[in-house]
Amino acid sequence: MNIPRWIKRDVSLKNYNTFRIGGKAKYFTKISSKDKLIKTLHWAKENSLPVFILGNGSNILFSDKKYHGIIIKIENNKIKKINQKTIVVGAGMMLMELLQKFLNKGLEGLEWANGIPGTIGGAVFCNAGGFGYDFGKFVKKVRTIDLKTFKEKIYLQKNCNFKYRSSVFKKNKEIVWEVELFIRKGDKAKTGNILMEKTKDYWQYKLKEGLFKYPSAGSIFKNIFAKNVPLKHRKEAVIKKGKISTGWLIEKCDLKGKKYGGAMISDFHANVIINIKNAKAKDVLHLINLCKKKVYKKFKIKLEEEIIVIHY
């Protein structure tokens, strides 16, 4: 097998996800050009290799086992075009880098994304959000590349099927390659300094909550729509934007601070599992299943993961 020079062998995945967990990938590469991406996909197809597309790994739990395929880390991270109403960016650009560019240009709307360690492609893929915002609302178009035919396809926002932490891209076999976003100039009352202060407020909230203290993937489970919670429990819960915090449900099951192996249900937010000491995927999965079991027993509610658990 002739391996292209840009592809590496036996690469540890621990440094390519925010959990700092995972085995090795048989093949691994970082891609920033469409030409090299197509060549890599052809090579993988010729050698019957499974392909996994990776952004910054901020919403993923990799298995402890070896991945016997190729991991392609998308790193096309340039602004392709900008006008008065939209901006076109590569899917590999980090959300926080885009936020900084917004602030530099006096654009508003992404302040809530401060502290989210994901890429634009990942934000589109899972319709990332926080503080009541969803990334999908900012999307005008998405350009993808089909994993099988290698052809491009363009999705308008209405075709992306954006829902709470979900999109059409979770189901189809396509790579998010470029994204066109709506932009909005800050009004005259909102100077650059005010936008900057608002951005810092979001960062300080996450810092105060302890979200950066240990490796994690952020929220493990999706929050629960209040209408799906039995009335007797709904009365005592805090409802925001029509949802009840899954962290609150887990905390009510006395699981905050629960440890297993090197992982722990955090003591600052029960919907976050942290890697406190060389945790394995099996440690995290044990706590995930424990949360599901206890919450269902107490509330008759089935929890659904927000993170992507990779089994192979």
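No value in this document is a laboratory result; all are computed from the given coordinates. Since we're looking at a predicted model, the values are computed, not measured. No Cβ is skipped: glycine too gets one built from the backbone with ideal geometry, and neighbour counts run over all protein chains shown.
Some observations on this one:
- Rounded to the nearest Hz, the phi-derived 3J(HN,Hα) couplings of the stretch 16-33 under the Karplus curve 6.51 cos²θ - 1.76 cosθ + 1.60 (θ = phi - 60°) are 10, 8, 6, 6, 6, 9, x, x, 9, 9, 4, 9, 8, 8, 10, 10, 10, 10, where x marks glycine and proline.
- For the stretch 1-130, the Cβ-based charge dipole about the Cα centre amounts to some 500 debye (Lys, Arg positive; Asp, Glu negative; other atoms uncharged).
- For Ala25, residues with placed amide H under 5 Å, excluding near neighbours: Val11, Ser12, Leu13, Tyr67
- Residues Asn104 and Lys170, FRET efficiency given R0 of 35 Å [Cβ-Cβ distance, rounded to 0.05]: 0.65
- ³J(HN,Hα) computed for each position of the stretch 230-238 - Karplus, 6.51 cos²θ - 1.76 cosθ + 1.60, integer Hz, glycine/proline x: x, 4, 4, 8, 4, 5, 9, 8, 8
- Farthest toward the positive end of the dipole of the chain, out of Phe268, Asn278, Leu147, is the Cα of Leu147, where the dipole comes from beta carbon charges about the Cα centre.
- For the stretch 79-192, the Kirkwood radius over C-alpha pairs fed into Stokes-Einstein at 20 °C and 1.002 mPa s yields D = 150 µm² per second.
- In this entry, the stretch 212-309 is assigned a mean projected area of 6.0 nm², taken as a quarter of its C-alpha convex hull surface.
- Evaluated over the stretch 8-74, the Cα radius of gyration and Dmax, each in Å: 11.5, 32
- Full extension of the chain between Lys297 and Phe131 gives 56.9 nm of extra length, using 0.36 nm per residue less the Cα-Cα distance.
- The charge dipole of the stretch 79-192, taken about the Cα centre with unit charges on the Cβ atoms of Lys, Arg (+1) and Asp, Glu (-1), comes to about 360 debye, rounded to the nearest 20.
- Descending semi-axes in whole angstrom, ellipsoid equivalent of the chain, from the Cα gyration tensor: 31, 27, 18
- Restricting attention to the chain, close to 80% of DSSP beta bridges with both partner residues there are antiparallel.
- Cα centroid separation - the stretch 115-180 against the stretch 229-279, whole Å: 28 Å
- Computed from the C-beta positions of Ile154 and Glu236, the FRET efficiency with R₀ = 45 Å rounds to 0.45.
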